[in-house]
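Only one structure is covered here, and it is reproduced in the block below.
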Amino acid sequence: MKLMLRDYLGSLRERGELDAILPDLLSERGFNVYSRPGRGTTQHGVDIAAVGKDADGEQKVYLLSVKQGDLTRQDWDTASPQALRPSLNEILDVYIPTRIPPKHRHLRIVICICLGGDVHESVRSALSHFTAAATTDQISFEEWNGDHIAEMLDSSLLREELLPKELRSNFQKAVAMLDEPSVSVGHFDRLLRKIVEGTGNRLKDRLTSLRQIYVCVWVMFVWARDAENLEAAYRASETAILASWQIAKPNDQTRNSTTLRALSIFDQIVILHSTVSADYLNKAVLPFSQELHALSVSVNSQSRVDINLALFEILGRLGMAGTWLSWHARNAPSDADRANLAAVLVELGNDGIRIINNNPTLFLPSCDTQTTSLMIFLLFYLTTNPNVKEAHNWISQMALRLDLTLRTHGFYPMTTLDYRELIEHPRERTDAYRKEVFSGSTLIPILAIWLRQWQSAQALEALQLLVDEVISECTLQTWVPDADSEELLWFSRRSHGFAVCDLTLKNGGNDLVSALAEACKSKPQFSELSAIRSGYWPVAMLAFKFAGLPVPPHLWLPMIDVPEPAKEETCHGESPDLE
Amino acid sequence: MDEESLTSAWHAGTLASIVFRADWRADEEERQAEVDLWVRLHNDHKIDLLSAIDPTYLQSIPGHQFFGAQHLLNDAIPRLQAPLGDMVRAVGALVQAGGSDLAAGSPNIAFQQWCANDTERGAGVVRWAEALDAQAIGVLPYAIVGCHLIEDAVRLMRSIDSALRTAAIVGIGRVKPITEEMAAELIQNLYQVLDDSNDVNVLINSILSALQISKEASGFGSEIISRMISKCAQLDLPEYQLGYTKILWIFGSQLTDGDIAILLGNLQSISPEHRGIVDQLDYALADFLRQGRTSTAIAHLAKVLTNNDIPLAVFDSTRGQLLSGPKDTHKQVVVSWLASGPYQLCEAAGSLLHQHGDMDMHFDVTEQAKSLTTPEQLYLGRHAVGYLVIRPIAATSIILSVLRVCNIDTAEALTSLLFFPLLVNYGGTVDEVLRNLPADDLARPHAELALAESEKYVEGLKRTSNIRELEPPETHRQLENNRFYQEMRSAHKDAMSKSVFFNLVSRSIVLHGNKTLSYRQNEHGGIQSFEMELKSHATSVEWPRLSAIDPIGFDYLIRVLRREGLQE
């Protein structure tokens, strides 16, 4: 275990990685961290400052200067802002005399040189001379190399009583199986479930569980990055958000200090997920968005189902990345930052459209559950991009292909998620088989809603004709949360919520919209979901995607023109403003 | 089998089991000797060979066992002394037991010979048939032929009983030799039959017999026959198609163009379920192609395929003749059907582009494409892609043929088809065809444009290589591999069960080694060794890339390409 952690620390190569986990590590060891790392602010050589007891029980101020990887001659004393010696000088010359809070000035000071790796021999003597010369009664130096930090991690966060043996086993297997993401994520999922189930109500327990999740995701990410396969890390970070939300979610609308401390770690997990997501998209997806069929071919499978599943997953992830980014953009500190992020969002949406146009498998899902990914991307795109034409074209093409495949007994979407069924589809080209495997659809109401919204009367009429002539016994439906959803949505496998059934496309789609508006009104539990109530609506989106549940109409109906009688009754005010 | 065994068996009532036994020796002389013994013992009244031909017993033995003895009995029958009734009953039983096999009627020929050996036998059949006995009517044509009973036949032709008339007409048609004088009289008699009958069998057989007589008389009477055909066509007979196709099939070469036009005019709507009609028409059309009546055959084939939604595979003789006949005809048919034909003809053209196990082949139709209009050239190219989607080499070579002779706009449209969907789908085979074009080929510049586009496309794909994050889980791969394996195994088993080859040979499964060594007993009682070196045999096919990347879009494109066409 220690070796795994040691390697993990050595692999933390980016700024913001090693110094991101150290504050939590110190907190977990009982330190009071009073200064956290921040980019762009003057730190005078100190990345993290904390107060805590040393091995002899004496209270001291710990000033951490963090360097990624090994310390080499190039990192010791150069003009680089990351060089160690200038940082140490700054601590001695500026930070200690001027920046230590008055209440801690009477304490002795330990300057910790934190390294993910080791000190190279070539710089060892220079470092020793420096620390010897600068050591006084008041000021001492400690070297926290990768081994030392790994030991701290192993003996505190992950020590036996906090991460029991069976959890360590799941974690180790998750890391070991990174190259087979499904297996790895299976172990990681079991780890998270055990953590969630073992978390007590006390704040300390909750914080510990959140930190455990955070560090475990970090380890997964770093190892996955080294293995050049981020899939398991991505999925682990998604699951981690939902597991963490189950622990960190506020029980009511008040934001007390307990809630804020838990949310603060949850925010770190979200940031970590965003980092993994960005790495994933930048490595595996976005560079190839402009090439015809490139992503489809990269799935490296002869099965149309594999390609379709992989591409819709990409689209869902792109949609989620955009959703998180939109959410972050709202909290951006300045108008300029918001404008920059808006431009990034537009480009990300355009990337998604390019991926769709260059990978035509995205013009129709293989199974109905993929409608969630479709909607997540569509909602992100429509709320950030003014060019509706592309989305309109996509949805129109989808309706056309659905019509063709259903009428010709081709590769129409199935209700099942079973891979075996999917690859053998269509086992029969008969009406009876079609009736069996296309017994329900959340896709058709979605297509109808948008075709109506974009005034594609002809396409909508064709869709209705298809329903009437070919699949009249298919149950058109969507889903809305119920009272149990708050408990079960985030990290449970049990069913919950209402299937809003027997939707109809008649009357130019107006009846459909009216029915959905009525459902939103009569089932307001959506707005009572903790993630919606507390403004963390992307968590809800992620939960829908994760569970394969349709995105409830509460989230998108405000974007739809509602017929007059129903309009008055719609619950606009209760849904988050996506735009 | 010796005399004692045969007589004992006859007395024991088991003679049938000896005559229709399964283990007949291969030696012809031995078999002939036994047949001679049958005849001698029968004629000496030591056995009754005809009693062995028991309809109930014949139903209980397998086909090959029956036919093994049937042809020996055919040899014995003409030499037997037997009452007419016994002989007619025995021959009838043999014919009936033969079912629909082509050799089923051969005992009738033996009976014909039996009658020829004693003219009184023929007269007996006539008398008996005049009493409207069904069995006698069944053998009447053979009695007429065997005993040359022309006068009796002419008289019976005027009977009021249709079956008797038909039998007499059939018999007349088979009588040989025929002089021109006789032919004139008989054809005239047959012509008169058309005046007083509406029975389709009577009328069709009149024409068939007239044609047969005419053939024997070196074409004499063809004018009257044409009048007979014309008259027959005006009667609007029910169930006439089988007779018409039989006339076309058997006597097609004797018919005038006018006769053929009349008969084919009545054969434009046929049902594929009526195999007899379809098969006879197929043989007739194949004969027309061999005789040089190409345009007649092709035009009618096109009408039949289009009007009745019948696949060309049903007309396998005609298809085979088109494939093995003159290349120009083959090409012209494919080009004209693909360029302007409705979908039935385009599909038929597709099935004219593979033979002898070669699913795909080069097909240069540059000369044929020259005579097409601009829209036809465009549709030839587009239909080639639509209908030859799993034969990329043929589709590519047809497009290249058009590119050599078409205008700039058509060339631009067809060049884009070379890239998408052909090169995108078949980066191996199509790429090879295009790269191997000679430098001075008129289609080369267009091919280079498509290849450049393809290279750009492939470069884009290469930039990604395999993205590990996107790869399916190992469990999915195993399931898909298993599904594919089961599908291929099922196809393999299906192909083996339909293989003519595997029904003819016995199989040995070799587990080790690359040569076989086996030993068999030779004719001298010694052991002889047989060595055989084993060779590997494999076949490969390039799977269209879009079948995985975009199967629905590909399907849609193919449907569009297939359905579009020239307006009437």
- Item | Farthest toward positive dipole pole in chain A [+1 Lys/Arg, -1 Asp/Glu at C-beta], among A:T504, A:S257, A:P538 | A:S257
- Message: Stokes-Einstein diffusion coefficient for chain B at 10 °C in a medium of 1.306 mPa s, Rh from the Kirkwood formula over Cα pairs: what value in µm²/s?
- Response: 54 µm²/s
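Would you mind working out the magnitude of the charge dipole of the stretch B:283-441 relative to its Cα centre, with +1 at each Lys and Arg C-beta and -1 at each Asp and Glu C-beta, to the nearest 20 Debye?
On the way: 11 positive and 16 negative charges, 85 e Å.
About 400 debye.
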- Per 10 Å bin, what is the whole-percent P(r) computed from every C-alpha pair distance within the stretch A:202-288? 19, 44, 24, 11, 2
- Query: For the charge dipole of the protein assembly as shown, defined by +1 on Lys and Arg C-beta atoms and -1 on Asp and Glu C-beta atoms about the Cα centroid, which residue among B:I77, A:F266, B:L267 has the Cα displaced farthest towards the positive pole?
  - Reply: A:F266
- Query: Reported to two decimal places, what Rg/Rh ratio describes chain A when computed on Cα atoms with Rh from the Kirkwood expression?
  - Reply: 1.03
- Report, to the nearest whole %, how much of the accessible area of the stretch A:477-579 belongs to carbon and sulfur atoms, 1.4 Å probe, protein only. 46 percent
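Helix-derived [θ] at 222 nm for chain B: sum -39500 (n - 2.57) over DSSP H runs of at least 4, divide by residue count, nearest 500?
Calculated from helices alone, the mean residue ellipticity at 222 nm is -20000 deg cm²/dmol.
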- Message: Using only the Cα atoms of the stretch A:398-471, what semi-axes does the equivalent ellipsoid have when each is the square root of 5 times a gyration tensor eigenvalue? Give whole Å, largest first.
- Response: 23, 13, 10
- Task: Compute the separation of the alpha-carbon centres of the stretch B:520-568 and the stretch B:397-466 and state it in Å as a whole number.
- Result: 25 Å
- Long-range HN-HN contacts of A:T475 with modeled amide H, under 5 Å: A:G440, A:S441
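So for B:M532, B:M361, what's the accessible-area order with a 1.4 Å probe, most first? Mind showing how you got there, number by number?
On the way: B:M532 115, B:M361 35 Å².
The residues order as B:M532, B:M361, largest area first.
What percent do you get for the relative contact order of chain B when only Cα pairs under 8 Å and 6+ apart count? Don't skip to the answer; put the middle values down first.
Details: 674 pairs, mean separation 35.3, N = 568.
Worked out over chain B, it gives 6 percent.
What percentage of the solvent-accessible surface of the stretch B:239-325, computed with a 1.4 Å probe over protein heavy atoms, is contributed by carbon and sulfur atoms? Walk me through the numbers before you get to the answer.
Numbers: 1800 of 3590 Å².
Carbon and sulfur together cover 50 percent of it.
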- Item | Accessible surface ranking that places the most exposed of A:F411, B:F530 first, with a 1.4 angstrom probe | B:F530, A:F411
- How large is ³J(HN,Hα) for each residue in the stretch B:161-175, as worked out from phi by the Karplus curve 6.51 cos²θ - 1.76 cosθ + 1.60 (θ = phi - 60°), to whole Hz, x for Gly and Pro? 7, 4, 5, 5, 4, 4, 4, 5, 4, 4, x, 4, x, 9, 5
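So what's the projected area for the stretch A:477-579, the Cα convex hull averaged over all directions, in nm²? Before the final figure, lay out the partial values.
Details: hull surface 25.4 nm².
Result: a mean projected hull area of 6.4 nm².
I'd like the interface area for chains A and B: accessible area of each alone minus the complex, both sides summed, 1.4 Å probe, protein heavy atoms only. What is it in Å² to the nearest 100? Walk me through the numbers on the way to the answer.
Working: alone 24540 and 30660 Å², together 51850 Å².
Rounded to the nearest hundred, the buried surface is 3400 Å².
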- Query: In the stretch B:447-469, which residues give up 40 Å² or more of accessible area once the other protein chains are added, compared with their chain alone (1.4 Å probe)?
  - Reply: B:Y457, B:L461, B:R463, B:T464, B:N466, B:I467, B:R468, B:E469
- Message: Quick check: the angle from helix B:241-251's long axis to the longest principal axis of chain B, C-alpha only, nearest 10 degrees?
- Response: 90 degrees
- Accessible surface, per residue, of the protein assembly as shown when the full set of protein chains is kept, probe 1.4 Å, Å²: 45 Å²
- Amide H within-cut-off set for A:I111, under 5 Å, with H built and near neighbours excluded: A:L63, A:S140, A:F141, A:E142
- Task: Any chance you could check the Cα centroid distance between the stretch B:81-137 and the stretch B:38-57 for me, in angstrom?
- Result: 16 Å
- Item | Simple Cβ-charge dipole of the stretch B:451-542, Lys/Arg +1 and Asp/Glu -1, about Cα centre, in debye nearest 20 | 280 debye
- Task: Quick one: check the C-alpha center-to-center distance for the stretch B:470-510 versus the stretch A:316-358, whole angstrom.
- Result: 49 Å
- For chain A, what are the DSSP H helices with axial Cα length of 24 Å or more and mean Kyte-Doolittle hydropathy of at least -1.0? A:181-198, A:203-226, A:231-248, A:257-280, A:304-330, A:335-358, A:388-407
- Note on the structure: Taking Cα atoms only, helix B:180-193 is inclined relative to the longest principal axis of chain B by an angle, in degrees rounded to 10, of 80 degrees
- Taking the Cα centre of the stretch A:358-471 as origin and charging only Cβ (+1 Lys, Arg; -1 Asp, Glu), how large is the dipole, in debye to the nearest 20? 220 debye
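What number, in percent, do you get for the relative contact order of chain A if the mean sequence gap of Cα pairs under 8 Å and at least 6 apart is divided by its residue count?
On the way: 834 pairs, mean separation 52.4, N = 579.
Relative CO of chain A lands at 9 percent.
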- Query: What residues of the stretch A:414-435 lose no less than 10 Å² of accessible area with every protein chain in place versus their chain by itself (probe 1.4 Å, heavy atoms only)?
  - Reply: A:Y419, A:R420, A:I423, A:E424
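Please tell me the relative contact order of the stretch B:239-325 in percent, rounded to the nearest whole number, where contacts are Cα pairs under 8 Å and at least six residues apart. Could the numbers behind the result be given before it?
On the way: 85 pairs, mean separation 28.0, N = 87.
After rounding, I find 32 percent.
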- Residues with amide H under 5 Å of A:F498's amide H, sequence separation 5 or more or different chain, H placed in the peptide plane at 1.01 Å from N; which? A:V480, A:D482
- Message: Given N residues in the protein assembly as shown, what is its alpha carbon radius of gyration divided by 2.2 N^0.38 Å?
- Response: 1.40
- Members of the stretch A:202-237 that become less accessible by 30 Å² or more once partner protein chains are added (1.4 angstrom probe, chain alone as reference): A:N229
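Could you tell me what a quarter of the Cα convex hull surface of the stretch B:365-458 works out to, in nm² with one decimal place?
One quarter of the hull surface, i.e. the mean projection, equals 5.2 nm².
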- Hey, what angle do you get for helix B:392-403 against the long axis of chain B, alpha-carbon based, 0 to 90 degrees rounded to 10? 70 degrees
- Query: Given C-alpha coordinates of the stretch B:217-327, what is the ratio Rg to Rh with the Kirkwood estimate of Rh?
  - Reply: 0.96
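The values are calculated or read from the model by the stated rules, or taken from the named source; none is laboratory data. Just so you know, these numbers come straight off a predicted model, no measurement behind them. For neighbour counting, all protein chains shown are included, and Cβ atoms are generated from backbone atoms with ideal geometry for every residue, glycine included. We work out accessible area using only protein heavy atoms, side chains counted, and drop any ligands, DNA or RNA first. Shrake-Rupley method; radii C 1.70, N 1.55, O 1.52, S 1.80 Å.
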